[in-house]
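Asks: Before we start, here is the structure in question, set down as structure tokens.
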Ligand code: HEC
């Protein structure tokens, strides 16, 4: 299975990635670029480089219809605790321990403002 933690470790040993990392560590954009693009794609279209190797495809996060059906608390939980915590695939790995709650909150805001450009609608 794909080992997300090893992939991040490899990425952090890349000097360019490491510089980008220290520049924008807690911002939602920086977190998205560092941790999410590999699967979800840089625009959130589900077409990241790792997506082809996954049996369950990454969610299309740019899909406003889908994201507006999900409360922020749900997105936070999926990111922190992983897909399996809400009955989704474990391909969506948990980020607890890698990202602080603040970073997860910021990346949820980034999804809303820049990726789906949508709000939760009950
Ligand atoms: C190893 C690949 C991978 C990485 C890295 C990854 N995801 Fe995912 N993600 C997935 C997959 C696969 C799904 C689809 C889960 C399903 O449909 O069962 C998913 C689903 C999601 C969902 C939708 C949850 C739902 O209710 O359907 C959100 C939101 C999400 N990811 C956000 C993120 C964010 C933010 C990051 C970066 C912090 C991230 N993902 C990193 C693979 C990944």
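Bear in mind these aren't lab numbers, they're just calculated from the coordinates by the rules spelled out. What you see is a predicted model; the values in this text were computed from it and never measured. Positions of Cβ are generated from backbone atoms using ideal geometry, with glycine treated the same way; all protein chains shown enter the neighbour counts.
Asks: Want the number for residue 55 to residue 73: 0.36 nm per residue separation, take away the alpha-carbon distance, what's left?
Replies: Numbers: separation 18, 0.36 × 18 = 6.48 nm, distance 2.62 nm.
Answer, rounded to one decimal: 3.9 nm.
Asks: Testing the spin-label approximation: label points 7 Å from Cα along Cα→Cβ at residue 81 and residue 26. State their distance in nm.
Replies: About 2.5 nm, to one decimal.
Asks: Just how far, in whole angstrom, is the stretch 61-122 from the stretch 43-57 if you go by their alpha carbon centroids?
Replies: So the separation of the two Cα centres works out to 16 Å.
Asks: Using a 7 Å offset from the Cα along the Cα-to-Cβ direction at both residue 119 and residue 66, what is the distance between the two label points in nm, to one decimal?
Replies: A separation of 2.3 nm, rounded to one decimal place.
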